[in-house]
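One structure follows; several queries about it will come next.
The values are calculated or read from the model by the stated rules, or taken from the named source; none is laboratory data. What you see is a predicted model; the values in this text were computed from it and never measured. Cβ: placed from backbone, ideal geometry, glycine included. Neighbour counts: every protein chain shown.
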Amino acid sequence: MSHNAPILLTGASQRLGLHCVQRFLDAGQPLIISYRQERAEVDQLRQLGVHCIQADFATEQGVVDFIAQVKNATPVLRAIIHNASLWLAEDGTDASALTQMVNVHLLAPYLINTHCAALLMQSTHADIIHITDDVIRKGSAKRIAYSASKAGLDNLTLSFAARFAPHIKVNSLAPALIMLHPDDDDEYQRRATAKSVMGTVPGPEVIYQSLRYLLDTPYVTGTTLTVNGGRHLK
C-alpha cells in the first residue's frame with residue numbers, strides 16, 4: 001500500500017469508521033475523512049494529522065461542496081472508501097427517508113467516484129471500496145428504503161469496476177452485526193448472534209482486515225466481499 005497518497009474515508013468519526021482510521025494511522029497511512037457532526041474524536045484525529053472535512057451527504061449540494069474541498073486538499077488519492085451511512089425509520093407516508101438514504105448511499109458515492117477518479121489515476125495503485133450491508137442479499141420488509149439504497153451502492157461496484165479498469169479496482173464489503181450498540185441488551189445479542197453460524201460479534205477489526213485485503217490484492221475487482229459470519233448458511 002502506498003503511504004504517500006492519502007486514503008479518503010467517509011463517515012469516519014465513530015464506530016467502524018473510527019476504528020479503521022486508527023488502524024490506518026498505525027500503519028502510517030495518510031487520511032482524509034468526512035464527518036457529519038463535531039465530536040471529540042474528530043479533534044483528536046486532527047491532532048494526529050488527519051484532514052477532517054465536515055459534510056452533509058443528505059443533499060446534493062453538500063456532496064458537491066465536499067468534493068471541492070477534497071480536490072483543494074490533495075492532487076492524488078490512493079483509495080476512496082465509502083463508509084458514510086444513514087438509517088432512518090420509514091413510515092411509508094412520504095419519500096423523505098428514502099430520498100436522504102439514496103443521497104447518502106448512492107448519490108454521494110456516484111458523484112465522488114466520478115469527480116475524484118482523476119485523483120485516483122495519479123496513484124500507482126488505486127481502489128474504490130463501497131461498504132454496503134448484508135441486507136442486500138434478500139431485502140428487508142421493515143427497512144425497504146435502507147435496503148434498496150444499499151443495493152444500489154452494491155450495483156455501482158459493478159459499473160464503476162467496468163468503467164475504471166484496469167487502473168482502479170472497485171469492490172464492495174457487505175457486513176452484518178460487526179459491533180453492538182451500548183444499549184443493546186442480552187436478549188438482543190442472543191437473537192442477533194443466532195442469525196449466523198459463527199454465533200459471535202467479531203468487532204471492527206474484521207472490517208479493517210477486509211479493507212486491507214481488497215486494497216492489497218491486485219487481481220480482484222467488481223466483487224462483493226461478504227463479512228456476515230455465515231448468515232447466508234442459516
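Any residue at all in region 24-32 that's at pLDDT 95 or above, under 17 Å from the mean Cα position of the chain (by Cα) and within 14 Å of ALA84 (Cα to Cα)?
yes
Keeping to region 213-234, report how many residues are within 18 Å of THR132 (Cβ to Cβ) and either surrounded by fewer than 20 Cβ atoms within 10 Å (Cβ to Cβ) or under 18 Å from the mean Cα position of the chain (by Cα) (or both).
Selection size over region 213-234: 15.
Residue-wise test of (1) part of a loop (DSSP other than H, G, I, E, B); (2) touching a helix residue (DSSP H, G or I) at 6+ places or on another chain (Cβ under 6 Å); (3) modelled with pLDDT under 95; (4) crowded, with 18+ Cβ neighbours inside 10 Å.
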| position | (1), (2), (3), (4) |
| --- | --- |
| THR93 | yes, no, yes, no |
| ALA108 | no, yes, no, yes |
| LEU111 | no, yes, no, no |
| LEU119 | no, no, no, yes |
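Now a separate question. Quickly run through region 95-106 and pick out the residues that are over 23 Å from THR224 (Cβ atoms) and either not in a helix (DSSP H, G or I) or not polar (S, T, N, Q) (or both).
ALA95, ALA97
Do you know which residues across region 39-90 are at pLDDT 95 or above, small (Gly, Ala, Ser), assigned to a loop (DSSP other than H, G, I, E, B) and loosely packed, with under 14 Cβ neighbours inside 10 Å?
Of everything in region 39-90, just one residue is at pLDDT 95 or above, small (Gly, Ala, Ser), assigned to a loop (DSSP other than H, G, I, E, B) and loosely packed, with under 14 Cβ neighbours inside 10 Å, namely GLY49.
A follow-up question, please. Does ALA126 satisfy the criteria of being crowded, with 19+ Cβ neighbours inside 10 Å, over 19 Å from HIS232 (Cβ atoms) and modelled with pLDDT under 95?
no
Go through (1) more than 19 Å from the chain's Cα centre (by Cα); (2) under 19 Å from THR224 (Cβ atoms); (3) at pLDDT below 95 for ARG137 and report which single condition fails.
Tallying (1) more than 19 Å from the chain's Cα centre (by Cα); (2) under 19 Å from THR224 (Cβ atoms); (3) at pLDDT below 95, ARG137 fails exactly one: (1).
Related question: Just give me the residues in region 181-212 being surrounded by 15 or more Cβ atoms within 10 Å (Cβ to Cβ) and of a type outside the set (Gly, Ala, Ser), in sequence order.
THR193, LYS195, VAL201, PRO202, PRO204, VAL206, ILE207, TYR208, LEU211, ARG212, listed by residue number.
When you scan region 150-166, how many residues do you find that are buried (at least 21 other Cβ atoms within 10 Å of the Cβ) and small (Gly, Ala, Ser)?
Selection size over region 150-166: 0.
Here is a follow-up. Applying the selection to region 209-234, what residues are of a type in the set (A, V, I, L, M) and under 21 Å from PRO6 (Cβ atoms)?
Matches in region 209-234: LEU211, LEU214, LEU215.
Condition test on ASP133, is it closer than 20 Å to LEU211 by Cβ and in contact (Cβ under 8 Å) with a residue 60 or more places away in the chain?
no
Determine whether region 206-220 contains at least one residue that is part of a loop (DSSP other than H, G, I, E, B) and not β-branched (Val, Ile, Thr).
There is at least one residue in region 206-220 that is part of a loop (DSSP other than H, G, I, E, B) and not β-branched (Val, Ile, Thr).
Taking interchain pairs and intrachain pairs at least six residues apart, which have beta carbon atoms under 6 angstrom, with the first residue in region 198-221 and under 18 Å from HIS82 (Cβ atoms) and the second of a type in the set (D, E, K, R) and surrounded by fewer than 18 Cβ atoms within 10 Å (Cβ to Cβ)?
TYR208/ARG23
Filter region 14-34 down to residues that are crowded, with 22+ Cβ neighbours inside 10 Å and not aliphatic (A, V, I, L, M) and give me whichever is farthest from ASN103 (Cα to Cα).
The residue in question is PHE24.
Which count do you get for residues in region 162-182 that are at pLDDT 95 or above and more than 16 Å from the chain's Cα centre (by Cα)?
Residues meeting the conditions: 7.
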